[in-house]
Each structure stands twice: as structure tokens, then as C-alpha cells.
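Accompanying notes for the structure given below.
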Amino acid sequence: MKMNRTNVISVAILLIHIVVIILYHVFGYIGHYGYDDIQYAKLSSDLINGQIDYNDHFVYRTPVILLTALSYLVFGINDLASSLPSLFITIGILICIFFLLKEKGNIPLIIGLSLTTFSNWFIFYSDKLMPDIYVAFFVILSLFILHSYKFKTAKKKPFLYASLFSLALFFGFLSKGTIVLILPLLLYYLIVDILCKRDIRFWVYTLFTGLAFLVIYFFIIWLLTGDFFKRFDAITSNSYLNLCSYDQQSWKVLLKRITIDFFMLMIHQGMITGFIFVLAFLLRRNTFSYYKLDDSFSFFLISALILFLSSNFMTISISSYSPMCLDPRHYLFLIPVVAVPASLIITGFIKEKKYAFQIIGILLLIAAIAFVTKNSSCWKLYLPLTLLFGIYFFIKDSNKYRTVFILGFIFILAIIPFDMIRYAQKVNYPEQREIINQHILSINEDCYIITDEVQNRLGNYYCGFNNNSNIHFLSYHQFDIDSLDMNKRKILYLNNYTCNLSGYDFNDLPYYAQIIDTANILLFADKELGISIYEMNTLSDPSSTGILLLESSASFEHGVLPHWNINDNELVNKDGKRVNKVTEYSATFSYPVDSLLADLNSNLLISCELQSYFEDKTEAMLVISIEDHENSYIWKGINVNKYIRAYSNWQLLKLNTVIPENEIKEHSIMKIYLWNKDKKTAYIDDFVIKIITSEN
């Protein structure tokens, strides 16, 4: 009877955490990012229609595509169908933790499930159409299978468990290549078992079945594409230079990535939480014996530690040293793995005040780091946990205080996810979708919907990727006045939220979206959501229809240039060119701008292009200043860091801004220059400036 009651309670604990995941989806769903997730949606839709693009490397993430396609087949292409597979996968992760901890008691079960469920990025991606939650599932599933073989089956049926273990890893590989980060851990398992002369048959069977799965997989790819390694060719052809290309940036960027940036990511994003307790335990004496993996606790303790180190140091490229990109979603698999040993360590503290000084000391250290780096996790997570553990340490142990501690622990973990729900309520994605349904998808005539990149991709998703739809969503870059049918109805859809997701700020919008012509009609506006819809009767684009007033360029290969102030001491040779090394202020373009003014009802479009080279993250700004004899009365600074694809590489920056002519005073000078605020190493070349007036 007691056993049944215990099982009922443990199942109830699991169900409560599953309900939390579902409630978060109901109240905290924030929609799609609009890039990778929508691409998975499109590929799944294509699969239903019998189309497969083998040149797209995302199509090889088979579990994601197949489950999403199945969901679309049953429920249609909609947000619920997009979320269901990930929700089921997330519940699968919680079930794995349940079976790993239920025999340890209700306290570690509650702590372990809570450490996983309330980890802010884990719960955020629990309903997202992304492969990272799949990787997390197959990592914990593979460890669950290996753990079951080692500690639950008396080493029976090694072939069966080896096959299941290989299959879990294989599906992880199918989901996403980040499963490669588990390789150092697998190697460690193998070496330890060889040294301890145990489970050799299991590893032989694992190697055999793993190779068999891969051979069959590559053979199927060959049958479908004619190329055994088409998946890797697709990855190579779709790769591009970006901030995660550590092998193509300076050694300073790489060194910072593996020494500081990864740990700051873990701290700032709350993903270090479980590892705080693992580190506290490892600071004890005589921890060497745990590295032999002789019991369940040491198995997950060392697994979590090695996966953490692998996530930081392991390369994801076979041709060069390039660690994983710093995006929290890539490391979701760490959360359920570390939750298992962390829950047992915390239980030891709750029951016997074990590891108290180590836990409180490390919590205080992490809180201090978050405080110094001005990260809100200090106040929302680490400092509250420090106070909770500190106060409980001085309280006499009792069941009542244990309950209070556990409830307080869960409450603190839930603070950041609750903030995320409040933000989701503010964004109000369901209302944003309803606005699209009412004001856009209900249009019964051929029309162009001109919008930002994310809203464009979302629009095509809402239309079920129907190429025959009369509504054509186009991003600003796709909309071309010269090549499209201008007789069609044109709707401008402005959405601050999706603009932000697209990486746009106001200066990145095209001229006609910055300056709405009076001939265009406002159809709908919601100031709270930041959404405006316009009927575009006229489209102004000064870059193609305006009057070019001035064009000036500085290549720095020549001597004195008209209207440019150049410090000869900052002209250096780099990469075979003579360039401007920017110590603090670059070469400055200076021009009497009021001499260009013709119509005070017009606007000046200032277009700047320059080749730039920055060794590291920068606070540099492109400054456009207009000043008279008294002061600088118009000053615009555009941060350039967000436009940099990769550091330590030359790249073209294109930056624009608009200035109304009626704001410019007589006898004014316009100055344009790069302000290297933090004085980090920076070079520029081929600085081109165009001043264009709009037609009015």
C-alpha cells in the first residue's frame, strides 16, 4: 500500500511538471523566430507535397522534418501543429528524468524535474520548431539507456542495450550535428571501462551497431541523391562567414570564446545553475574515486562535467579548430543531464546540510560575477538562491522547513520563466496573428505585402507556403519597383517586434517605410503592439528616383582628397592596400550642407558605404553630424557592430539615414566619420558617401 502511494505521488510530481510545460505554451508562446524554424516548417510542408530539396542541409535533420510533417498532415499547417512534436519531445525528457530519479525519493525527483523544467531556455524551446530540444532528448535518452544497462540490468542483454544506445545516438545525429559534442564523453566511458576491464562486449556491440546504422544511412542517402556524403556537401555549400566562424577570425576572438565568453553565456542565461552544485561537490576531498563511474551518482556527475567541458572546448569542424557557436539553444542538452546529480547534491544539503559552505560560496561568487557584469540574473536567480541556502543552513532541520525550502527553490527558479511569460503577453503573438488574419489574409485580390524579413517568412507560413496565393509577401529586399507589377495593390506592413527579430532598426528600413508619404492611407494601427498597415498609393525611393546632390569617396591610396580631413599618421599598409587605421576618429568627410538645399519640404538621404576591418566586438559608431558655428544640433550615431558578420575580416558596411531638409540651418557643415569609441583595432577603406534628395 505504501509502495503504491509512493508511486502515485511520484507520478503526480511528473504530471505537475508536464502541466507546467503545457501552461507555459498556453500563456508564454511567443511564436516563431522567423528563420530556421520557418525553414523547417517549409521543408515539412514540401515533404507532404512530395518535394525534397537535398541541397538544403536542414532537410537532413530527419526527426524534426518527419514529425513536423506528420503533425501538419494530421492538424494542418498551424502553430499548434508546429509546436506539438517539440512538446512531446520535451515531455519525453521529463519522463527520462522521472525514471532516473523516482527511486531516489520524492525530494530529488522534485528538484531534478524543477531544475530542468524551470530552466528558462529549456522551457522557452519546449514548444519551438527547432532541433535542439530533439538533441537534448536523444542525449538524455542515450545516457538513460547506458545507465540502465550498467546499474539496473545486472549487465544482461548487452547486444540489446548496445543497439538501443547506438540508435539513440544515431537519432541524435539525424536531428542535428551538435550531437558531436558527446564524443569526448563516449570516449571517456570507453577508456574507463577498458581500464576497469568491464562492459567490453557492450562497447564492441555499440561500435558494430553504430557503424551499421551509419552505413545504412549513407547508403539510403546515396540511393536518394547519388552521393554518399550529400549531407556534408549541403552543409558546406550552405555555410557562410559569420561570428561563429572562429577558425576564420583572430586568435583573440577564439581565445575569448573558450576562456570567458562561454562561461559568461552560461552565467548570464542561467544555464550554470545545475553546475554550481556539481562544482560544489567536486570541491570536496577524495572525489577521485567518482571518476571511475562505479555507481549511478558518479555516472551522471562526471557525464555532466565532461559534457560541460566538451561544450566549451570541443571543435565542431574536422578541418580546423572551431568551437560551437554561443547560442543557448545549442547547449540545451546540458540541462537535463546535470539536473540528475545536482538534484542528489541538493537533497544532501536539504537533509544533512552537506556541502553547505561550498554551495553558498559558489552561489555568492556567481551572483557577484552577474552583478559586476550588470546581468539581471544576479537579482532574479543567483542572489535569491544564495539567500535561500544561507538561511536554511542556520535553520534546524524539520519536514516543515524542508517543504518551505523546496517551494522557495522552485519559486526562485520560476522567476525568470515568469518574466518571459509577461514579455510574451506584452508581445501578444496570438493578437499579432489575428491582425494578419483579419487585415491581410482576408484580402481577395492580388496584392503585395511589403514588410520585414521575419514578417515576410511568417506570412508565407500563414498562407501554408501556397505559391498560388493571391497574397504575395515580400521582404524589403525582395520588393523591386523596377521588376514587379506596380499595378497590383501594395500594402506596407510595419511591425516593431518582427523588425527587431529581423535585426532591423529604423535606419535599416527603406525610405518609403521611414517617411510615409501623405498619399498613402493608414488602414490599421495598434500603438501598443507597434503595428501599422498602409495602403501604398505611391512609393518613394530616392536611391533610384531621387536627385544625386553629391558623391564623394576616399580610397586612401592617393594624397589630399577634397572635403576629407585625413591624418597622414593613420594611413597604413594592410593586406596590400593603403588604409585608414582608426585610432579613435577616422578620416572625416566635411561639407557645407546647406549649399545643397533646394526644397525645404524634401529630405536628404545620406548613404554611406565603407570597407571595414574590426579585430573584435566593437562599440564603434558611424557618426553623421550637422553643426553651425555654435554647436552640433543634429547628431546621429549608428552602431556598426550588429552589421559585422565576422571579426578579423574585411567586409562592406552599408549604412543609411534620412534628415529632413527643413531641420538644417543656414551656414551648416555636415561631418561624417567613424568614431572608434573603445579604441580597439579597426581599419577602414573605400569610404563612399552619397547625398540624395527625395522628389516632392
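The values are calculated or read from the model by the stated rules, or taken from the named source; none is laboratory data. From a predicted model like this one, the values you see are computed outputs, not experimental measurements. Here Cβ is always computed from backbone atoms with ideal geometry, including for glycine, and neighbour counts include all displayed protein chains. The area values use the complete protein model at the heavy-atom level, side chains included, leaving out ligands, DNA and RNA. Shrake-Rupley method; radii C 1.70, N 1.55, O 1.52, S 1.80 Å.
Laid out as a table, the results:
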{"read-out": "Lys577 long-range amide H proximity, modeled H, under 5 Å", "value": "none"}
{"read-out": "Asp480-Leu73 FRET efficiency (beta carbon distance; Förster radius 41 Å; 0.05 resolution)", "value": "0.70"}
{"read-out": "Cysteines having no other Cys beta carbon under 4.7 Å from their own, within the chain", "value": "Cys96, Cys196, Cys378, Cys447, Cys463, Cys499, Cys608"}
{"read-out": "Sparse-neighbour loop sites [chymotrypsin sites (Phe, Trp or Tyr not before Pro); region 384-413; at most 14 other C-beta within 10 Å; DSSP]", "value": "Phe394"}
{"read-out": "GluC sites (Glu not before Pro) within region 400-488: DSSP coil, no more than 10 neighbouring Cβ in 10 Å", "value": "Glu445"}
{"read-out": "Extent along principal axes [Cα atoms of the chain; Å; largest to smallest]", "value": "90, 60, 55"}
{"read-out": "Surface per residue (accessible, 1.4 Å probe) for region 282-414, Å²", "value": "46"}
{"read-out": "Exceeding the 29 Å Cα-Cα cut-off - candidates Lys157/Lys353; Lys102/Lys156; Lys527/Lys680; Lys488/Lys665", "value": "Lys157/Lys353; Lys527/Lys680; Lys488/Lys665"}
{"read-out": "Label-point separation in nm, Ser250 to Lys292, each point 7 Å along Cα→Cβ", "value": "4.9"}
{"read-out": "Estimated distance in nm for a label pair at Val215 and Leu15, the labels positioned 7 Å out from Cα along Cα-to-Cβ", "value": "4.8"}
{"read-out": "Shape call, region 211-307: gyration tensor on alpha carbons, a/c limit 1.5", "value": "oblate"}
{"read-out": "Region 339-353 - phi-based ³J(HN,Hα) in whole Hz, Karplus 6.51/-1.76/1.60, Gly and Pro as x", "value": "4, 5, x, 4, 5, 6, 5, 5, 4, x, 5, 4, 7, 10, 6"}
{"read-out": "Region 522-615 - percent of accessible surface contributed by carbon and sulfur, probe 1.4 Å", "value": "44"}
{"read-out": "Spatial separation of Cα centroids for region 131-199 and region 64-92, in angstrom", "value": "26"}
{"read-out": "Extension gain from Leu283 to His563, taking 0.36 nm per residue of separation minus the Cα-Cα distance", "value": "94.4 nm"}
{"read-out": "The chain - percent relative contact order, Cα under 8 Å, separation 6 or more", "value": "12"}
{"read-out": "Global geometry of region 42-169, whether rounded, prolate or oblate, following the gyration tensor of its Cα atoms and the 1.5 cut on a/c", "value": "oblate"}
{"read-out": "Loop-located trypsin sites (Lys or Arg not before Pro) in region 383-485, at most 16 other Cβ atoms within 10 Å (DSSP)", "value": "Lys396"}
{"read-out": "In order through region 116-125: 3J(HN,Hα) via Karplus (6.51 cos²θ - 1.76 cosθ + 1.60), integer Hz, x for Gly, Pro", "value": "7, 4, 8, 5, 4, 6, 5, 5, 5, 8"}
{"read-out": "For Leu183, solvent-accessible area (1.4 Å; no DNA, RNA or ligand), Å²", "value": "90"}
{"read-out": "Interchain or long-range residues, amide H under 5 Å from Phe524's placed H", "value": "Ile533"}
{"read-out": "Amide H within-cut-off set for Gln651, under 5 Å, with H built and near neighbours excluded", "value": "Ser612"}
{"read-out": "Test item: Cα-centred dipole of the chain, Lys/Arg +1 and Asp/Glu -1 on Cβ, debye", "value": "5080"}
{"read-out": "Residue-count net charge about Glu434 - beta-carbon cut-off 13 Å; Lys, Arg +1, Asp, Glu -1", "value": "-2"}
{"read-out": "Charge dipole (debye, nearest 20) of region 58-184; +1 at Cβ of Lys and Arg, -1 at Cβ of Asp and Glu", "value": "620"}
{"read-out": "Centroid-to-centroid separation of region 284-353 and region 368-400 [C-alpha atoms, Å]", "value": "22"}
{"read-out": "Anisotropy class of region 428-538 from Cα gyration tensor, a/c 1.5 cut", "value": "rounded"}
{"read-out": "With Cα atoms, 0 to 90° folded angle of helix 356-372 axis to the chain main axis", "value": "0"}
{"read-out": "In Hz, Karplus ³J(HN,Hα) per residue of region 419-425 (6.51, -1.76, 1.60; θ = phi - 60°; x = Gly, Pro)", "value": "4, 5, 5, 4, 5, 4, 5"}
{"read-out": "Apportionment of accessible area to carbon and sulfur, region 222-271, percent (1.4 Å)", "value": "64"}
{"read-out": "Mean Cβ count within 10 Å, highest first, over the residues of peptides 337-344, 589-596", "value": "337-344, 589-596"}
{"read-out": "Computed [θ] at 222 nm, helices only, for the chain once each DSSP H run of length n ≥ 4 contributes -39500 (n - 2.57)", "value": "-15000 deg cm²/dmol"}
{"read-out": "Sites Arg433 and Phe411 - FRET efficiency at Förster radius 30 Å, r taken between beta-carbons, to 0.05", "value": "0.40"}
{"read-out": "Fraction of accessible area attributable to carbon and sulfur, region 11-75 (%, probe 1.4 Å)", "value": "71"}
{"read-out": "Residues in region 610-654 that a label on Ser317 would reach, taking backbone N under 20 Å of a point 7 Å out along Cα→Cβ", "value": "613-617, 644-652"}
{"read-out": "Sequence ranges 117-123, 95-101, ranked by mean other-Cβ count within 10 angstrom, highest first", "value": "117-123, 95-101"}
{"read-out": "Helix 2-28 vs. the chain, principal-axis angle (Cα, 0 to 90°, nearest 10)", "value": "0"}
{"read-out": "Burial ranking of peptide ranges 125-137, 168-180, 320-332 (average Cβ count within 10 Å, highest at the top)", "value": "125-137, 168-180, 320-332"}
{"read-out": "Between 0 and 90°, nearest 10: helix 62-75 axis offset from the chain longest Cα axis", "value": "80"}
